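Right, one structure below, let's go through it.
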Amino acid sequence: MPGIGDCGQVPHQQCGLFGYSRQTYYKRDDDNDFKPLALEPLIVERVKDYRRENPRLGSVKLWMILRRLFDETGCFPGRDAFIELLRRHGLMVKIRKRKHYVTTDSNHNYRKYPNLVKGVQVYAPNRI
C-alpha cells in the first residue's frame, strides 16, 4: 500500500513535477549543520580547560585527545578543521621568540686549527 505522497514514482521523477532536476535531488544535503555548530562551543570550552592545565599542549595532540572524548557524536571536525577552529577563536599556542641567537659553538670537542694569519701584516689584496 503506497504511503502519503507516494504516487508509485521514483523520487527523481517526482522532482520534475516541482521544477527540480534529477541532479538537484541527488546532490541535496540531507545533513543540516546543526550538529557541528552545536559542538563548536563545547569543543572550544574543552580546549580552554586543557590549555589552562597544559598551556604548551600542541594542537594535533589536543585534537587526538578531544576526538576520543567526542567520538560518540560522530561529527567531530578533522585535524585541519580543528586547527582552523582554534585559530578562529585565538586558541593557538603562542610561538616564543628567542632573545639571544647562538650561531657559533666554540666549545666543541672537534679539532681546532690555529689562526695562521694572526699578527701578519696585510700589504695587498689577496696577499698575506
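Let's test the formula: R0 of 41 Å, r as the Cβ-Cβ distance of Ser106 and Arg56. What FRET efficiency results, to the nearest 0.05? For Ser106 and Arg56, the calculated efficiency is 0.85.
Computed over Cα pairs, the Kirkwood radius of segment 34-88 leads via Stokes-Einstein (1.567 mPa s, 4 °C) to a diffusion coefficient of 115 µm² per second. Potential lengthening of the chain between Arg79 and Ala38 amounts to 12.9 nm, from the contour at 0.36 nm per residue minus the alpha-carbon distance. Taken about its Cα centre, segment 27-128 carries a charge dipole of about 1100 debye when Lys and Arg each add +1 at the Cβ and Asp and Glu each add -1 at the Cβ. Relative to the current alpha-carbon distance between Ser21 and Val117, full extension at 0.36 nm per residue lengthens the span by 26.0 nm.
Read-outs throughout are calculated quantities, based only on the coordinates presented, and are distinct from any laboratory measurement. Here the structure is a predicted model, which is why all the values come from computation and not from measurement. Virtual Cβ from ideal backbone geometry, glycine too; neighbours counted across all protein chains shown.
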